[in-house]
Amino acid sequence: MFFINGFTSRTREKAVDYARRHGVPNVYSDVAALLTDSAIDIVYIATPPGTHKEYALQVIQAGKPVYVEKPTAMSLAEAKEMYDTAKRRGVPIFVACYRRALGAILCK
């Protein structure tokens, strides 16, 4: 079970709307503000793929585990940089691959 403690978006209006609709107690003005909150245990990145690396590296630098929506990055080089940075910092990085159990995707 998980609890969404905070949320940020490109605009404050979108963040406030999402928080209201989903019962999220905290809205942050930006990613930096979210990352300074000690109540945030892990960060889920569900932004356009072109921003995944940028945000993931910020989260990793803040020492928080990061859960990145697929595709993880725009290239293998970006994904490797994210992974290597997380490994060096001792921070877990996860990829949201919720379709891995579908028959068409299973490795046989």
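Could you work out how much longer the chain between ALA32 and ARG20 gets when fully extended? Use 0.36 nm per residue separation minus the Cα distance between them, nm to one decimal. Don't jump to the answer; show the numbers that get you there.
Numbers: separation 12, 0.36 × 12 = 4.32 nm, distance 2.14 nm.
Computed gain between ALA32 and ARG20 is 2.2 nm.
Quick one: if the Förster radius is 22 Å, what FRET efficiency do GLU54 and ASN5 give, using the C-beta to C-beta distance and rounding to 0.05? Provide the component values of the computation, followed by the final result.
Values: r = 22 Å, r/R0 = 1.01.
The formula returns an efficiency of 0.50 here.
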Working with all protein chains in place, sort HIS52, HIS22 by solvent-accessible area computed with a 1.4 Å probe, largest first. HIS22, HIS52
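Give a quick list of trypsin sites (Lys or Arg not before Pro) in region 1-89 that DSSP marks as loop, anything other than H, G, I, E or B, with at most 15 other Cβ atoms within 10 Å.
On the way: sites: ARG10, ARG12, LYS14, ARG20, ARG21, LYS53, LYS80, LYS87, ARG88, ARG89; in loops: ARG10.
Taking region 1-89 and a limit of 15 other Cβ atoms within 10 Å, the loop trypsin sites (Lys or Arg not before Pro) found are ARG10.
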Taking the Cα centroid of region 3-46 and of region 47-70, what is the distance between the two, rounded to the nearest whole Å? 14
Do you know the Lys pair count in the chain for C-alpha distances under 16 Å, with sequence separation 8 or more or different chains? 6
Can you list residues from other chains, or at least 5 along the same chain, whose modelled amide H is less than 5 Å from the amide H of ILE45? TYR67, VAL68, GLU69
Let me know the charge dipole size of the chain about its Cα centre in debye, to the nearest 20, where only the beta-carbon of Lys, Arg (+1) and Asp, Glu (-1) is charged. 360
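Can you give the accessible area per residue of the chain, in Å², using a 1.4 Å probe? Kindly include the intermediate steps, with their values, before the conclusion.
Values: 7350 Å² over 108 residues.
Per residue, the chain has 68 Å² of solvent-accessible surface.
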Specify the longest stretch of the chain that does not include any exposed loop site, a site being one of the chymotrypsin sites (Phe, Trp or Tyr not before Pro) with a non-H, G, I, E, B DSSP assignment and at most 16 other Cβ atoms within 10 Å. 4-97
Based on alpha-carbon atoms only, what is the radius of gyration of the chain relative to the globular estimate 2.2 N^0.38 Å? 1.13
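The values are calculated or read from the model by the stated rules, or taken from the named source; none is laboratory data. Quantities reported herein were computed from a predicted structural model and do not represent experimental measurements. As a convention, Cβ positions derive from the backbone with ideal geometry for all residues, glycine included, and neighbour counts pool all protein chains shown. What goes into the accessible areas is simple: the full protein's heavy atoms, side chains included, and nothing from ligands, DNA or RNA. Shrake-Rupley method; radii C 1.70, N 1.55, O 1.52, S 1.80 Å.
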